[in-house]
Structure formats: C-alpha cells, structure tokens
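The values are calculated or read from the model by the stated rules, or taken from the named source; none is laboratory data. Since we're looking at a predicted model, the values are computed, not measured. Neighbour counts are summed over all protein chains in view; Cβ atoms, including those assigned to glycine, are modelled from backbone coordinates with ideal geometry.
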Amino acid sequence: MARSERTVSGDMAGTSLSASPGAGEDALRRIIAELVEVPGEGPIPARGLDAILRRHPKEGRGFYSKREILRAFRTAPGAWPMAEAAFAERLRTCPTRSQSGVLPVTVLTKPFPCPGRCVFCPDEVRMPRSYLPDEPGCQRALAHGFDPYRQTWSRLEAYREMGHRTDKVELIVLGGTWSAYPERYQRWFVARSFEALNDFGAGLDARQGARAESSEGADWARVERAHRENEQAGSRCVGLAFETRPDHVSPAELLQLRRLGATKVQLGLQSLDDSLLRANGRGHDVATSRMAMARLRRAGFKLHVHWMPNLVGATPASDRRDFARLFDDPAIRPDELKVYPCSLIESAALMKVHARGGWRPYGREELIELLADLLPTVPAWCRVTRVIRDIPSPDIVAGNRQTNLREVVEARIGERGSRLREIRAREIRRRPVEADRLRPVDRRYDTSTGDEHFLEAQDERGRLAGFARLSLPKGGGAPEELRGCALLREVHVYGPVAALEERVPGRPQHAGLGSRLVARAEVAARKAGYGELAVISSVGTRAWYRRRGFGDGGLYQHKTLAEGSPRT
C-alpha cells in the first residue's frame, strides 16, 4: 500500500479531553493530576496506583485502565508538568519487558509443512508445527491472520499503551522452520514487518489495507527499501531473529539470512546425544548440530540454542551429562539458551509412545532438583532466556504445568546457597548506574572456530550494565566478506529502553557505554593482530556504527584498525 493511502494513527480515537469536560473526562483529569504528583521515578507501586483509581471510579463501570489514562494524557500533554515518556513510565505495565535494553516483538509465520517429524511437537493444522493456538503469541498471530504487518503494528500499539518505549525493537520471527519457507514468502514477511515498524514510528496505520495484500511475495528491492527507511525510523529494528533446524544451516542460507537483516538464529538442538535424537525423531545427528553452530558463528550470528530435558529415552542423570556438553564442547557454547522440559500434548506423536510406556514425565520435585543443579553451571557469558515453554496448562496432558517454574527453581538455588552466573541473573535492570565507575571485565573462552572475548561493563556488585561479543576467528570457512576480519557479534547495553538520542542520568543507555565497548573490542582485535573489525549490525543500528567509523560493506559493516596487520 502506498504511503499516501495510509491513515494517521488514531490511537486517541474516542478519547478526548474537551474544553468542557464531562464527568468521565473530569475523573481522568483528576487521576492524572494525582499521578504526576506522586514522588519518585519509575512505575508507581500497585497499591498506590490502586488507591488513586479507587478515588476516581467510572460511573457505575468499575475503574479506569492504564491505557485509558495514558490516552487521556496524550490528548493534552502540554497541560501537565511532566513529559509523556516520564508519565508513561509511571504507568508502565510489565516493566521487565523493556528493561533489558530492547523491546521484544514476536511474530509468527503462517502454517507450513515442517521437514521434521519430532515426536514431542504438537501438530495443529491451524498453526505452524510445534505451536498451539492458545499460546499468547499464537493467539495474536491467529487473530491477525498471520499477517506480519498487522502482528507487528498491533504489538507495538499494545506496548505503547502499557507505557513502553517503542524506539528499539528486537523482532523475533517464530513459527515453522524458517528455512523451509519459500524465498518469496520470506522476503514478503520481512518487508511487511519492517513496513509496520516504519509506519508505527511515523504514526501511520495501514492495518485495514493489510487484508488486501494476499500475494505473500516480494522482491529484494522492496525489502531493501523497507530496510533503508528503518535506518532512521521512529521504531528501529535493533535485532532480527529467526528459528531453524541444524540440518538447514547451509552457506547459502547464511547469506540469505544476512540479506534479510538477521542478527540472531534460534537453533533447535534439543539434545547432544545421538541416541536421544534418533529416539525423538529429530532427523539429524550431533555432528550436524556442531557444523551448524560453527557456520553460524563464523558468519557472526548470535547463537540462541534450544535444549530439552525429559526427552524420550532420557533420565535425570543423562540430562545432567547432556547439559554439560552444551558448554564443555567448544563446538557448541551458545550465547543464549532456552530450556524446554518436554511436555505431553494431545496432538503430538509422543501420545502413542507414552501410551505404550515408552516415556514418563519427570515429577515436579524431580524436575525442580534437576534444573536447580543445571542452571548454576551456565557460564557468565550465556543468557538463559527461558526455562519453560509458554504452553497453557489445559493443553498439557502430562508434564510440567507450573507457569512460574523458573521462579521456583531460582528460589531452590538460593536455598542451597548457590548463585547464578548467567547474564539474565546479573542484568542491571532499573538500578542506577554511574557509567564512569563501571568496571571492565574480559571473559575469554575458546570455540571450534576461534577465540571469544566477552567484554563486560559491570558495577561494583558485579551487575551487568552492558557487554560486547568479539570473535577472533581461526582457520577457514568464513564468508568471503569476513575473511581476515575480527568480528563484533553483539553490543548490548542494559537498562530500560531509552528514546533515540535521549540520555537519562543514572541509566546505562546513551551514556557512551556502547561506544566504550566498541573501543575495547577494537583494542583487543588490534592486540591480536587484526587489521579490520567487521560487525553484524542490525538494520536499525547501521547509522550508529557509521558514526563510529564503520563503513558499509556487502552484508556487514567494517572498520580499519590502524595498528593491526591484516589476517589471512
């Protein structure tokens, strides 16, 4: 749809504070007036907010929602002694969603045949393989007909109405095996998602016209146009992730992913035991997983691995050995990890295995003890993003139904006197930061493709304000554009998402921390003898890297390191 055909976003439709307010508008004014007077910063405690809302109820219809209050504020922002961003933060719902420095937006691809035949995957005809229609993200995708534009735009709108900044977005594409979808569909899906980001940041809404676009195909020119616009958009894509299988990671696929703008790959390894892979119908072996990890790392991608305990044929003892391989094997060593205990879903082939006694779910205490043993062993350079799959309890025939399992496991770890070293447990979150007093730490480890430097910036208590991942490759196998280059795979600054170019005292974002991390990576690369540093930049961070001396290459950005000597 042409931009001239799009309409200006009407997020205030039906909510206006007129010069002659009615009873409802007057109540909203009083609520806002009280909220801006609450001392302190950040989200207002639930009890205090509840007291204010109860003092100003709707006429016979309960209480005003945070979304209604925020919409009312936006009608006359100049009337209040507080900026919209600060007021929105006071009302912020689910603050953890944006306190890791970026705002995650998950979109699902349409149902499509999966090349895998895993026994544990549900097989719902309305959904991509392994997904269920009543999972939260899946419900949104189904409601929007799997259209990427409508999914992206609507999710951003929901975040904004919960008080979140939408300036920096990590777009996470889930669904079936991405690599199995037709290339035309892949281009269309990415272009539509970026067009939604661009429109949302500009206050444009083309969701109604989204229904009319049914070709589900796009050329590269359309993708590249959407990318260029996003470089300066109000809602920028600062990370793009796809999920695929190890047996679909080919050199050609890596180039395709980069051209689409990908920076991270979620890879379903599930196990590092060939006998378990066979018993669960995975269709690939451990050697294939090791090769996939090596190819992805050489190409600079961030590596997000899925691992499953309690598979067919597994025991708690074998799971402990298998988990150890994730970090003991230099060919694996992921940057991020999802732990999904196997659950029995009615539409999965696992039902038949279970019926004949070939699989049993671990008991609650058995699973908690297992995970409490495993999570403290995760290294400081890896982030555990999830400990359970977000499957609604009614869909689980057997297996874990406890939605707060991670919280329970972490409490058990604390009771033992153990500590977690992984990234998520150490994030600075909303705590105040003095950027000049942060301590630099360089954690080094080797992989099958070279040496890794995990460059941290941490406070006096070891909490993580930001980090950079620097790869120093050894041997061959890198894409042609990266040969002889040190590789900056990630730069991440934590804390609540800040508006583009906004600097908030006491917070890590836009305090120069990212630039310092890049400078440290440059120094480490020069010391190792590299004459060039390449970065796998996301579309929305290209301009940021240009301002720091990086030039555009083919699929990466590059910077010459004056004191180094080119590698071969």
Flag for Val339 being surrounded by 23 or more Cβ atoms within 10 Å (Cβ to Cβ) and either without any contact (Cβ under 8 Å) to a residue 40 or more places away in the chain or touching a Cys at 6+ places or on another chain (Cβ under 8 Å) (or both): no
Members of the stretch 369-393 that are under 15 Å from Phe323 (Cα atoms) and either in contact with a Cys (Cβ under 6 Å, 6 or more places away or on another chain) or part of a helix (DSSP H, G or I) (or both): Glu369, Leu370, Leu371, Ala372, Asp373, Leu374, Leu375, Pro376, Thr377
Residue among Arg187, Arg155 that is crowded, with 20+ Cβ neighbours inside 10 Å, in contact (Cβ under 8 Å) with a residue 60 or more places away in the chain and farther than 22 Å from Ile388 by Cα: Arg187
Test: residue in the stretch 448-464 that is over 16 Å from Val523 (Cα atoms), of a type in the set (Gly, Ala, Ser), modelled with pLDDT under 95 and in a loop (DSSP other than H, G, I, E, B): yes
So Ala241, is it assigned to a strand (DSSP E or B) and of a type outside the set (S, T, N, Q): yes
Members of the stretch 144-171 found to be assigned to a helix (DSSP H, G or I), of a type outside the set (S, T, N, Q) and more than 15 Å from the chain's Cα centre (by Cα), listed by number: Pro148, Tyr149, Arg150, Trp153, Glu157, Ala158, Arg160, Glu161
Hey, Ser275 touching a strand residue (DSSP E or B) at 6+ places or on another chain (Cβ under 7 Å) and among the polar types (S, T, N, Q) or not: no
Matching residues, the stretch 348-367, being assigned to a helix (DSSP H, G or I) and in contact (Cβ under 8 Å) with a residue 60 or more places away in the chain: Leu350, Val353
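Here's the yes/no breakdown for (1) buried (at least 19 other Cβ atoms within 10 Å of the Cβ); (2) free of Cβ contacts under 8 Å to residues at least 40 places away in the same chain:
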{"site": "Gly217", "(1), (2)": "no, yes"}
{"site": "Arg222", "(1), (2)": "no, yes"}
{"site": "Glu229", "(1), (2)": "no, yes"}
{"site": "Ser235", "(1), (2)": "yes, no"}
{"site": "His248", "(1), (2)": "no, no"}
{"site": "Ala262", "(1), (2)": "yes, yes"}
{"site": "Gly268", "(1), (2)": "yes, yes"}
